[in-house]
Amino acid sequence: MKHIKNERYHETYDEVVLDNGLHVILWHKPNYEKSMFMMMTPFGAMDLTQIQGKDQLTHPSGIAHFLEHKMFAMDGDEDVMGLFSKMGANVNAFTSYRETAYFASTCNDPKEPLKLLLDFVQELNIDQASVEKEKGIILSELHMYKEMSDQRLLMETYTSLFHKHPMRFDIAGEDEDMSATTVEQLYQCYEMNYHPSNMILICISGHDSKELLELIEENQKQKQFAPWMPCETVKETEPESVVRSDFSFTMDVSEPKLCVAYKLKGIEDSYERLKQEWTIRLLLDANFSSLNPNYQSWLDQKIINDFCGYDIEFGEDYGILMFYSETSKPDEFIALCDHCVDDMKQGKISDAVLNQLKRRYYAQGVRSMNDFYDIATGFCRSYFMGIDYFKTFEIVEEIGEQDITEAGKRLNKEHRALIRLMPEA
Amino acid sequence: MELFDNVSLQLEKNDKFKDIGISIRFMAPASSETATLRSLLAIMICDRCEKYPTKKQMSDIQDCLYGTVVNAQTVGYGQAQVLEIRTKVIDPRFVKEQNLLQDVFAYLQELLFHPLLNEAAFDEAKDMLKSKLMRLRDDSAQYVIAQGLKIAGEGTPLAISALGDLSQIDKITLEDVKEMHQKLLNEDRIDIIVCGPIDEKQIIEMIQANLPFSDRSIELNTHYVLQSNKNGDYQKELRTVNQSNIFMMWQTNTGVCDPDYYALRVANAMFGQYPTSLLFREVREKRSLCYNILASLITFDGAMTVITGVENEHIDQTIDVIHEQFECIASGNFKDDLLAVSKTMIINSLKASKDSMPSIIAQLYQNQVLKQELSIDERIARIQAVEREDVVRVFKKCRHCLSFVVCQEDQ
């Protein structure tokens, strides 16, 4: 067992890898009533074509999310949520493009909920009837998100950018793919991705971590798992161009919304990826937020409003830089975004602004350690990226002139997509 | 402690948090005339101030204070409305600066006492509030609640949106805002709550030095028991939407200070608060009609609501099932297990509130407003004491007022 003590953030945890490969983190949070446990697999909506050994398999879109829903089913009348509730514990889950996570929390004795989390995530128990029944619920979820104009704008942005990349699909998949998903496909998917060697468990609690670890070890000893065969996601070569350079759609909204998105190249190395993402975020803060003295005039001219924002995201095989706002002056907004990218390409931030942003994000990092959910998701994600969790915060402080110049070079306006959400006539 | 007449300070020392939360709450009677005005003022207080008159200067000072962002929001508390100024500052143990807290209080003083109240900032605040209100209208899941409360609460404080009303914005002048600002400082009831790893003596000194309030006299009523003029009405509104949203409301006839209030909390939990509730089991799990369904209490108004989103063709069936589940509880047709597990879940969330700074602040404030000293452990004991017959009794007292649906045009 490795004991980690971080003086900077005043946090400690223990780290163990069990015989079956399960990676376990026991994070100490003395004086808290609550305990929280999260199990995560690096299997998300992006992992559509996978190779395991010699077998290559293409899943229907949305299968990771469908599986997340069905993990909660149990034999007979009982279901997982009901059992957690009886223990006075909450349980939930999420699926993102990169991972699926299950988490439970309680202020009561954490042992039983912890066991139940391990048990339900490590066993899939479904039949045709229960799979069919779930489709109505998922359809309702899909429609709920489609009804949210911000979500819809984001989804249409991904669809505009990607020809082949799975991000062109909603996390919950296409309606037709979801409706056609079978029990067999769900089992296959489960077998390929939910092996203990492919998962992490993090326990954040004020309870004695030795006791919790004993419980986990005891629980895992009683279970048999086939030998782990690593599984790889096959990435299709994505063209550099965008699919739709200018796309409009309508919804029942009051104001037009516009997203200006630039497709960038991915970054293979995870550390470099994270650092570049942070650097471009700093460039964006410096150039496209109230830190830019011109920001007020953009508001005054009504080119942007309070909804205005931006985002940068890199994957191994994709990069997206996007700006969005409600605006009735789309041409001016587009020109503003283009101009901002030009400015960022210069790769310059004044020392004063750089230092104040570092201060802002340092405090944000410290304060995030109050939040069990933030710690759990952040830790698990950084584990699968192969980066030390605390380093993901400290990376901002390392950013210097050279990183900023390099990040500037990475930006280009060549592959731009405009996504316009218009009020209905 | 009372700093002045109707100005209180509550301190909650808690070293487990890595930041210090400061909440300053201004309370005045709720009225449809002032709600929009106060909502505009809330935006302007946080936007800029005389000392930092540009957005850039505001960002600079906030970053200098380690990302100390100040937010303001308006919330209804029954017959009263609260304008809350809230901020969080990193625990000074984590920074080199000696005077961080002092500087934060000085900054708060600038925002509160000297906000930038000029025409340009006023026009911007009006635009911002209009956009916020229009976005709320655009989101049909939020709109169905706002509009449902307006219809069911007609003529009562429930119908007043604390965020304000689109039609009122252009009637308001800058002079009105300035006048309201003075009222806020000099006439509102004020409660200051500070929570986190604090030195109590030091905080009291800083507040006395930086927040120079004074005595005031104000008569305030907060909680009441709603009497809706709707009686099981059904209304629908047609919009271009993919999913239909349902809002249902009951008047509970049980106020927050009623001895039955804790039984109502349990009954609401059994009805639709948790995954174990009847609504979740029957509407979502058994019939696959929805993804989300939730029952909640509007505590200070004596109302209970249910909201869900369903496919168009399932609207009538869903409303029927919701009514059936209500009747199950009101007639005592439920298992003891449901009662037990719902109590367990509420108790768990009460315990969890000790770990959440916003929950700690909310409970301290509720005690202050209701002039009670009810600890979390006492609340737990009251939940624990709820029996089957209590649950049946409180649901029998409820009266269905309205079902309001926003649905597709072909329905």
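Computed over Cα pairs, the Kirkwood radius of region A:88-133 leads via Stokes-Einstein (1.306 mPa s, 10 °C) to a diffusion coefficient of 128 µm² per second.
Can you give the direction-averaged projected area of the convex hull of the alpha-carbon atoms in chain B, in nm²?
20.6 nm²
How do B:C64, B:C46 line up, fewest other C-beta atoms within 10 Å first?
Numbers: B:C64 16, B:C46 19.
Ascending number of Cβ neighbours within 10 Å: B:C64, B:C46.
Bridge orientation summary for chain B: considering DSSP beta bridges with both residues in this region, about 80 percent are antiparallel. Comparing B:F26, B:F271, B:F17 in a Gaussian network model of chain B (Cα springs below 10 Å), the most mobile by mean-square fluctuation is B:F17. Beyond 23 Å, the tail of the calculated P(r) for region B:233-407 holds 42 percent of the Cα pairs. Other residues lying with their Cβ under 10 Å from the Cβ of A:H59 contribute a combined charge of -2, Lys and Arg counting +1, Asp and Glu -1.
Percent of C-alpha pairs per 10 Å bin in the protein assembly as shown, short distances first: 2, 11, 20, 26, 25, 13, 2, 0, 0. Between region B:372-411 and region B:332-371, the C-alpha centres lie 13 angstrom from each other. The value obtained for region A:361-413, namely the Cα convex hull volume divided by the number of residues, is 113 Å³ per residue.
What does the convex hull of the alpha-carbon atoms of region A:149-285 project to on average, in nm²?
On the way: hull surface 58.2 nm².
Over every viewing direction, the Cα hull of region A:149-285 projects on average to 14.6 nm².
If you model region A:2-233 as an ellipsoid using its alpha carbon gyration tensor, with each semi-axis the square root of five times an eigenvalue, the axes come out at 31, 20, 20 Å, biggest first.
D by Stokes-Einstein for region A:83-177, Kirkwood Rh over Cα pairs, 37 °C, 0.692 mPa s: 205 µm²/s.
How crowded by other chains is A:295-307, given as the mean number of beta carbons from other chains within 10 Å of each beta carbon? Could the numbers behind the result be given before it?
Numbers: counts 4, 6, 0, 0, 4, 4, 0, 1, 0, 0, 6, 9, 4.
What the average comes to for A:295-307 is 3.
Computed from the Kirkwood radius of its Cα pairs, the Stokes-Einstein diffusion coefficient for region B:89-175 at 25 °C and 0.890 mPa s stands at 149 µm²/s. Counting Cβ atoms of other protein chains within 10 Å of each Cβ in A:248-260 and taking the mean gives 3. Between the Cα long axis of helix A:183-193 and the first principal axis of chain A there is an angle of about 80°, rounded to the nearest 10.
Take B:210-222, A:174-186, A:268-280, A:56-68 and order them by the average number of nearby Cβ atoms within 10 Å per residue, most first; the result is A:56-68, A:268-280, A:174-186, B:210-222. Sequence-ordered 3J(HN,Hα) estimates for region B:368-383 from the Karplus curve with 6.51, -1.76 and 1.60 and θ = phi - 60° stand at 5, 5, 8, 6, 10, 10, 10, 6, 5, 4, 5, 4, 4, 4, 5, 5 Hz, glycine and proline given as x.
Using a simple spin-label model with pseudo-atoms 7 Å out from Cα toward Cβ, B:V225 and B:E50 lie 4.9 nm apart.
Between helix A:111-121 and chain A there is an angle of about 70 degrees, using the helix long axis and the longest principal axis of the Cα atoms. Taking max minus min of the alpha-carbon positions on each principal axis, region B:2-210 gives extents of 52, 34, 33 Å, largest first. Compute the distance from the alpha-carbon center of region B:200-228 to that of region B:290-319, in whole Å. One Cα centre to the other: 35 Å. Value of Rg to Rh for region A:274-395, rounded to two decimals, is 1.01; Kirkwood radius and Rg both from alpha-carbon coordinates.
Semi-axes of the equivalent ellipsoid of region A:119-229 are 34, 20, 15 Å, computed as sqrt(5λ) over the eigenvalues of the C-alpha gyration tensor in descending order.
Rounded if a/c is under 1.5, else prolate if a/b beats b/c, else oblate: with a ≥ b ≥ c from the C-alpha gyration tensor eigenvalues square-rooted, which is region B:26-94? Because a/c hits 1.5 or more and a/b fails to exceed b/c, region B:26-94 counts as oblate. At what distance in angstrom do the alpha carbon centres of region A:328-351 and region B:1-59 lie from each other? The distance from the Cα centre of region A:328-351 to that of region B:1-59 comes to 35 Å. Think of it as helices only: each DSSP H run of n ≥ 4 in the protein assembly as shown is worth -39500 (n - 2.57), and spread over all residues that comes to -13000 deg cm²/dmol at 222 nm. Projected label points at B:L374 and A:T12, each 7 Å from Cα along the beta carbon direction, are separated by 3.9 nanometres.
Taking all pairs of different Cα atoms in chain A, averaging 1/r and flipping that mean, what Kirkwood radius in angstroms comes out?
Values: mean 1/r = 0.0427 Å⁻¹.
For chain A, inverting the mean 1/r across all distinct Cα pairs yields 23.4 Å.
Largest first and in whole Å, give the semi-axes of region A:1-99's equivalent ellipsoid, each being the square root of 5 times a Cα gyration tensor eigenvalue.
Details: eigenvalues 179, 103, 35 Å².
Taking √(5λ) for each eigenvalue gives 30, 23, 13 Å, largest first.
Annotation: amide H-H contacts under 5 Å for A:M251 (H modelled 1.01 Å from N, sequence separation of 5 or more, or interchain): A:M422, A:E424.
Each reported figure results from applying straightforward, stated rules to the coordinates on display, with no laboratory input. The structure displayed is predicted, hence computed values, not measured ones. When we count neighbours, we look across all protein chains shown, and the Cβ atoms used for this are built from the backbone with ideal geometry, even at glycine.
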